[in-house]
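Please read the structure below before turning to the comments.
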Amino acid sequence: MELFFAILILACLPSFVLSNFQGDALYALKISLKADKLTSWNQNQVNPCTWVDVTCDTNNNVISLSLSSMGFSGTLSPQIGNIKTLTSLSLPGNGITGGIPKEFGNLTNLTTLNLENNNLSGEIPTSLGNLTKLQFLTLSGNNLTGTIPESLSRIPSLSSLFTGNHLNCSINSPPFCASEIGDSGGSNGSKIGVILGIVGGCIAILLLVALSLVLCRGRNSGYKREVFVDVAGEVDRRIAFGQLKRFLWRELQLATDNFSEKNVLGQGGFGKVYKGVLPDNTKIAVKRLTDYESPGGDAAFQREVEMISVAVHRNLLRLIGFCTTPTERLLVYPFMQNLSVAYCLRDLKAGVPVLDWPTRKRVALGTARGLEYLHEHCNPKIIHRDVKAANVLLDEDFEAVVGDFGLAKLVDVRKTNVTTQVRGTMGHIAPEYLSTGKSSERTDVFGYGIMLLEIVTGQRAIDFSRLEEEDDVLLLDHVKKLEREKRLEDIVDQNLNKNYNIQEVEMMIQVALLCTQLSPEDRPAMSEVVRMLEGEGLAERWEEWQHIEVTRRQEYERLQRRFDWGEDSVYNQDAIELSGGR
């Protein structure tokens with residue numbers, strides 16, 4: 001028995017030691033930040049993975065720390081540099097003082113470091129150049145001084161924001177240096193924002209701006225980061241987060257012919273989408289958001305846009321850039337020449353071929369893979385909340401591209417659902433989301449199931465024309481009825497002219513019905529949906545579903561018989577009326 005316990009202790013020791021040193025580092029940060037409000041950060045509680053705002057992986061490695069706008073007034077602890085599994089460290093909007101510890105350069109797995117809007121001072125440590133995986137470095141709104149380190153230029157995919165500091169560019173500074181420090185005096189609304197550069201002689205300020213622009217463009221010709229200037233008040237300075245561009249309002253205004261109604265591609269819950277053409281003849285789609293207000297204003301919107309932009313997958317719509325003004329928020333995407341799945345199913349012009357069955361299958365699988373990526377490979381996970389055929393676009397090869405993701409809510413990985421304003425389209429909204437306002441990945445799964453039915457039938461999720469023949473206005477109820485009656489051929493889009501595989505149709509209907517179960521816990525995850533569409537595990541899940549569905553239907557019919565007095569009963573209406581108030 002003693003040997004057993006000894007082996008057990010040895011087996012658990014690595015995990016204990018791991019949690020212990022991570023807990024020590026985080027507790028040291030709590031003390032240095034004077035973060036008394038972090039009551040769950042208990043030194044006697046060994047495993048920090050249970051602490052609020054700390055995210056761990058399955059091996060109890062701390063991978064993310066997010067403490068935004070919590071009013072801290074202390075300093076950063078160098079011991080954080082010991083947690084080398086960290087991929088995201090975010091402490092914006094606090095009152096943190098002191099310098100950035102050079103030990104942060106030990107966090108070699110870090111992809112995001114956000115310390116903006118604090119009171120940090122001193123120089124940026126050159127050790128940050130060791131963070132070769134770093135993608136986002138946000139240090140704006142501090143009191144940092146000195147020269148931006150040359151070492152940052154060695155990080156291949158780095159996008160940085162240093163505005164609002166007192167930094168200088170040296171001859172060996174990173175190529176984005178000039179664009180990032182050009183707004184150090186931007187807090188004064190009466191000044192025109194300028195880009196600092198090395199120019200010869202003393203010139204009027206507007207000439208300085210123009211010349212600096214030319215010099216920066218010439219020096220950075222091998223890079224895709226671009227710098228533009230415009231008059232403060234109408235639009236902000238154009239910057240770039242890696243591949244993500246910040247457009248000027250006038251650029252998008254001209255591209256869309258002043259947002260002409262003739263260029264409207266569609267309209268949804270987030271606003272209208274306009275077709276546009278840039279000066280280099282690049283076709284774009286501009287989404288003009290109608291509900292853009294968010295806590296934190298412009299900075300919060302930019303951070304959310306950056307988070308969306310790093311979700312890169314072949315079945316997700318790539319974000320090109322954005323534009324913000326005091327009254328506008330716009331997102332810029334590539335134009336999809338084949339428009340949406342809904343358009344190709346229901347709104348095609350005469351003579352244009354309908355989507356054939358092989359393409360529909362490819363669209364179903366591609367959409368599932370895109371949603372799987374959002375749910376299971378993004379940190380924080382992204383819930384779409386409006387999955388439907390109209391939000392799945394088709395590229396030039398008719399590959400599915402999921403659009404409008406991330407606009408509703410970026411959901412923290414530690415929360416199963418979040419109460420928010422209900423977003424979506426009737427007929428596609430999961431019942432629990434409609435009744436409680438709580439969304440999760442499984443609300444997307446429900447919407448995806450309805451979209452599968454759209455693909456198979458070519459019909460809308462709600463169709464009141466069916467009232468003429470039956471009571472099933474909802475597409476889901478209509479398909480369930482036909483499936484029970486084994487009338488699969490009556491389910492399929494008649495425009496396919498029977499050019500489909502009936503076994504594949506049956507499989508897709510089964511997946512759709514599994515995805516649209518009443519209880520969110522019963523619905524499969526999107527990764528399981530992908531496997532089922534690829535032919536793995538569907539039979540077992542379908543057999544289980546049929547058993548549950550038969551039991552539910554029998555109970556419903558029993559209750560219906562209990563309250564059914566019959567059509568010939570003369571006292572039905574009287575009984576109902578008498579039961580009311582007098």
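The values are calculated or read from the model by the stated rules, or taken from the named source; none is laboratory data. If you're wondering where the values come from, they're calculated on a predicted model, not measured in any experiment. Note: ideal-geometry Cβ built from the backbone for every residue, glycine included; neighbour counts use all protein chains shown.
Just wondering, is there one or more residues in the stretch 339-356 that are within 20 Å of the chain's Cα centre (by Cα), of a type outside the set (Lys, Arg) and buried (at least 18 other Cβ atoms within 10 Å of the Cβ)?
Yes, because at least one residue in the stretch 339-356 is within 20 Å of the chain's Cα centre (by Cα), of a type outside the set (Lys, Arg) and buried (at least 18 other Cβ atoms within 10 Å of the Cβ).
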Kindly indicate whether any position in the stretch 228-245 is under 30 Å from Leu91 (Cβ atoms) and at pLDDT 70 or above. yes
How many residues of the stretch 115-128 are crowded, with 22+ Cβ neighbours inside 10 Å and outside any loop (DSSP other than H, G, I, E, B)? The answer is 1
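Specify which of the listed residues (Ser179, Ser184, Ser159, Ser173) is more than 22 Å from Ile80 (Cα to Cα), modelled with pLDDT under 85, crowded, with 18+ Cβ neighbours inside 10 Å and in contact with a His (Cβ under 8 Å, 6 or more places away or on another chain).
Unique residue meeting the criteria: Ser184.
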Residue pairs qualifying under the 8 Å Cβ cut-off, at least six apart or on distinct chains, with the first in the stretch 155-175 being assigned by TED's automatic domain parsing to the domain that holds Arg246 and the second being at pLDDT 70 or above and outside any loop (DSSP other than H, G, I, E, B), are none
Of the residues that make up the stretch 455-464, is at least one buried (at least 20 other Cβ atoms within 10 Å of the Cβ) and in contact with a strand residue (DSSP E or B) (Cβ under 6 Å, 6 or more places away or on another chain)? no
With the condition being within 25 Å of the chain's Cα centre (by Cα) and either surrounded by 15 or more Cβ atoms within 10 Å (Cβ to Cβ) or free of Cβ contacts under 8 Å to residues at least 24 places away in the same chain (or both), I'd like the helices (runs of 4 or more DSSP H) fully within the stretch 467-532 carrying at least 3 qualifying residues. 502-515
Of residues in the stretch 29-49 being surrounded by fewer than 19 Cβ atoms within 10 Å (Cβ to Cβ), of a type outside the set (A, V, I, L, M) and within 20 Å of Gly95 (Cα to Cα), the one modelled with the highest pLDDT: Lys34
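Check Ala512, Ala539 and return the single one that is in contact with a Gly (Cβ under 9 Å, 6 or more places away or on another chain), more than 16 Å from Ile383 (Cβ to Cβ) and among the small types (Gly, Ala, Ser).
Matching residue, one of Ala512, Ala539: Ala512.
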Does Gly271 satisfy the condition of being modelled with pLDDT under 90, within 22 Å of Val341 (Cβ to Cβ) and either crowded, with 20+ Cβ neighbours inside 10 Å or under 18 Å from the mean Cα position of the chain (by Cα) (or both)? yes
Among strands (runs of 3 or more DSSP E) entirely within the stretch 22-110, at least 3 residues that are assigned by TED's automatic domain parsing to the domain that holds Asn142 and not hydrophobic (A, V, I, L, M, F, W, C) occur in none
Taking the criterion of being buried (at least 19 other Cβ atoms within 10 Å of the Cβ), of a type in the set (S, T, N, Q) and under 25 Å from Gln302 (Cα atoms), would at least one residue in the stretch 74-83 satisfy it? no
Does the stretch 438-463 hold any residues that are closer than 15 Å to Arg346 by Cβ and either outside the structural domain of Val505 (by TED's automatic domain parsing) or in a helix (DSSP H, G or I) (or both), and which are they? Ile450, Met451, Leu453, Glu454, Ile455, Val456, Thr457
Within the stretch 84-111, restricting attention to residues that are closer than 17 Å to Phe21 by Cα and not β-branched (Val, Ile, Thr), which residue is surrounded by the fewest Cβ atoms within 10 Å (Cβ to Cβ)? Lys84
